[in-house]
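Report on the structure given below.
The values are calculated or read from the model by the stated rules, or taken from the named source; none is laboratory data. Just so it is clear, the structure is predicted and the values come from calculations on it, not from any experiment. All Cβ positions, even for glycine, are placed from backbone atoms using ideal geometry, and neighbour counts span all protein chains on display.
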Amino acid sequence: MHIMEGFLPPAHALGWTLAAAPFVVWGVKSISRRLKEQPEQRMLLGVAAAFSFVLSALKLPSVTGSCSHPTGVGLGALLFGPAAMVPVGLVVLLFQALLLAHGGLTTLGANLFSMAIVGPFVAAGVFRLGRRLALPLAGCVFAAACLGDLATYLTTAIQLAWAFPDPAGGFVASLVKFGGIFAITQIPLAISEGLLTVLVVNALSRFNAEELKGMPLLGQGEVRA
Amino acid sequence: MLIEQAAYANRWRRVAPAAKACLALAALISAGLAPTPATAAGLAAGLMLLTCFGAGVPFGLFVRVAAPATGFLALSSLSLLVSLSGDGAGGLAWQAAPEAVPRIAAVAARSLASLAALLMLVLTTPLPDLIGLLRRLHLPEIMLDLMVLCYRMLFVFSEALHDTLTAQQGRLGYSTARRSLRSLGLLAANLAVQVWQRAQGLHLAAMARNGDGPLRFLSPDFTHATRDTVVAALTGGALIVVTARLGA
């Protein structure tokens with residue numbers, strides 16, 4: 001769920017851009033270090049950005065009968081790690097604004113914060129926690145993708161509620177309002193995306209097990225969901 | 001992609017990207033500074049006319065590109081028109097908030113003006129030109145490499161996606177919701193496998209040519225770049241001043 005161009009007040013747009021900036025710097029430094037050790041990953045990350053862009057064009061069937069597109073937040077975080085997802089997410093969001101008019105330049109910081117920072121970090125955190133608790137891999141992948149997705153939408157709801165507090169109930173009422181609106185569509189979609197991610201990881205482990213071993217999260221241990 | 005079609009076939013194709021970016025930036029600032037919804041709406045209309053009649057972008061194409069974002073804006077505006085408050089019995093009650101109308105008008109007009117500014121830029125400037133501009137602004141090389149690779153590979157993946165979808169649809173892969181999810185999983189996994197295969201191929205090709213540095217491509221030459229940029233900066237500055245003073 002991208003916030004469209006110009007929708008946020010200028011102060012909020014600037015604030016979210018400043019909030020996202022340190023993560024971008026850290027992400028760029030992190031992948032620069034990684035590329036010095038594994039130069040072949042330069043092409044991999046660029047191609048992965050194109051994959052994420054194309055993935056967002058897929059229509060995902062939802063259990064409510066509606067359909068929307070997958071965010072790829074959980075899958076990206078599991079494959080490439082949350083640090084790499086910040087610069088990759090920045091490129092994907094920028095391209096979505098410039099090639100599809102989806103999102104925007106003024107809201108790039110806010111969208112980046114929800115989709116390329118909060119979502120991937122929550123997904124990676126949930127996955128690590130699940131593995132530490134020795135939960136089945138399928139459950140960990142599902143929970144990571146599903147909760148990463150929901151965290152993204154919750155962050156967007158917070159951003160909107162903060163920018164547009166309810167005239168009567170203030171921030172909290174506005175958050176309940178935006179959260180309620182998103183919940184109707186996004187909870188079923190998050191479940192669908194969780195199932196889709198499990199299917200993708202299963203197929204990858206069947207066809208690409210060797211390459212998965214080199215990945216930051218899925219490479220740690222057996223990769224059959 | 002409709003935006004790509006227009007970006008390569010408009011009258012401003014040979015205008016320097018720095019000039020168009022400068023004007024778009026000024027228009028975005030003006031949209032943020034517009035003191036009244038009428039000013040912002042006027043700005044949106046002016047930018048649309050400039051894009052369609054100045055740069056020669058077909059009006060129908062402009063509308064088709066702007067339609068999804070405008071529809072989303074309409075839905076978002078409706079959500080702002082609803083207020084949530086306690087109903088006195090411990091529950092929550094949804095009610096219309098007519099007092100929010102002026103604020104909604106301001107947000108909608110600002111969004112439309114900002115969208116028109118964005119479209120003025122992207123409908124007249126191909127993405128490789130913008131990447132070239134970012135290179136001159138000294139964006140980190142790693143980000144530029146990601147952008148170059150992403151731009152070149154997304155058409156390859158789009159083609160692969162289209163072909164695979166057609167093959168799956170031809171085998172009733174999307175006849176039920178359950179099959180759709182399974183087919184989508186296989187499709188995404190197949191594309192994900194291609195990420196490694198294509199990345200490895202590109203890496204080998206680059207290594208075979210000693211290509212371990214930044215990925216550079218020739219940029220088109222813009223003959224009147226300085227003149228265009230100065231004109232755009234002056235026009236943009238005037239736009240900001242006029243927009244800000246209109247409500248004063």
Does B:Leu119 satisfy the criteria of being within 9 Å of chain A (Cβ to nearest Cβ), part of a helix (DSSP H, G or I) and touching a residue at least 24 places away in the same chain (Cβ under 8 Å)? yes
Mind checking which helices (runs of 4 or more DSSP H) fall wholly inside region A:79-179 and carry at least 3 residues that are more than 9 Å from every other protein chain (Cβ to nearest Cβ) and without any contact (Cβ under 8 Å) to a residue 40 or more places away in the chain? A:119-132, A:137-163
Within the bounds of region A:53-76, is there any residue that is in contact with a Lys or Arg (Cβ under 7 Å, 6 or more places away or on another chain), buried (at least 19 other Cβ atoms within 10 Å of the Cβ), under 24 Å from A:Ser205 (Cβ atoms) and modelled with pLDDT under 90? no
Can you name every residue in region A:37-54 that is within 7 Å of chain B (Cβ to nearest Cβ) and of a type outside the set (A, V, I, L, M, F, W, C)? A:Pro39, A:Glu40, A:Arg42, A:Gly46
What residue, among those in region B:67-82 that are among the aliphatic types (A, V, I, L, M) and either within 30 Å of B:Ala93 (Cα to Cα) or modelled with pLDDT of 95 or more (or both), is nearest to the chain's Cα centre (by Cα)? B:Ala69
Collect the residues in region B:40-62 that are surrounded by fewer than 22 Cβ atoms within 10 Å (Cβ to Cβ) and touching a Ser or Thr at 6+ places or on another chain (Cβ under 7 Å), keeping them in residue-number order. B:Ala55, B:Phe62
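Of all residues in region B:128-155, count the ones that are aliphatic (A, V, I, L, M) and without any contact (Cβ under 8 Å) to a residue 24 or more places away in the chain. Can you show your working first?
Our first condition is that a residue be aliphatic (A, V, I, L, M); within region B:128-155, this holds for B:130-131, B:133-134, B:137, B:139, B:142-144, B:146-149, B:153-154.
From the residues that got through so far, the ones that are without any contact (Cβ under 8 Å) to a residue 24 or more places away in the chain too are B:131, B:134, B:137, B:139, B:142-143, B:146-147, B:154.
Selection size over region B:128-155: 9.
Inspect region B:70-78 for any residue being farther than 29 Å from A:Ala168 by Cα, free of Cβ contacts under 8 Å to residues at least 60 places away in the same chain and within 9 Å of chain A (Cβ to nearest Cβ) and give the result as yes or no.
no
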Which condition number in (1) farther than 19 Å from A:Pro70 by Cα; (2) among the hydrophobic types (A, V, I, L, M, F, W, C); (3) part of a helix (DSSP H, G or I) is the one that B:Leu172 fails? (3)
Only one of (1) within 22 Å of B:Met147 (Cβ to Cβ); (2) aliphatic (A, V, I, L, M); (3) at the interface with another protein chain (Cβ under 9 Å from one of its Cβ atoms) is not met by B:Leu218, so which one is it? (3)
Counting only residues that are surrounded by 14 or more Cβ atoms within 10 Å (Cβ to Cβ), hydroxyl-bearing (Ser, Thr, Tyr) and more than 26 Å from the chain's Cα centre (by Cα), region B:136-192 contains a total of 4
Just to be sure I understand the filter: pairs with C-beta atoms under 6 Å, separated by 6 or more residues or on different chains, first member in region B:178-189 and more than 7 Å from chain A (Cβ to nearest Cβ), second member in a helix (DSSP H, G or I). Which pairs pass? B:Ser183/B:Gln168; B:Leu187/B:Thr164
Would you check which residues across region B:26-58 are more than 14 Å from chain A (Cβ to nearest Cβ) and not in a helix (DSSP H, G or I) and list them? B:Thr36, B:Ala55, B:Gly56, B:Pro58
Test each condition in (1) over 18 Å from the mean Cα position of the chain (by Cα); (2) at pLDDT 95 or above for B:Met48 and report the one that comes out false. (1)
I'm trying to understand the selection: among the residues of region B:93-151, which are among the aromatic types (Phe, Trp, Tyr) and assigned by TED's automatic domain parsing to the domain that holds B:Val65? B:Trp94
Quick one: B:Asn210 ticks every box in (1) assigned to a helix (DSSP H, G or I); (2) within 30 Å of A:Glu37 (Cα to Cα) except a single one, so which number is it? (1)
Residue by residue through region A:184-196, note down the ones that are out of contact with any strand residue (DSSP E or B) (no Cβ under 6 Å at 6 or more places or on another chain) and either under 14 Å from B:Ser180 (Cα atoms) or within 8 Å of chain B (Cβ to nearest Cβ) (or both). A:Glu193, A:Leu195, A:Leu196
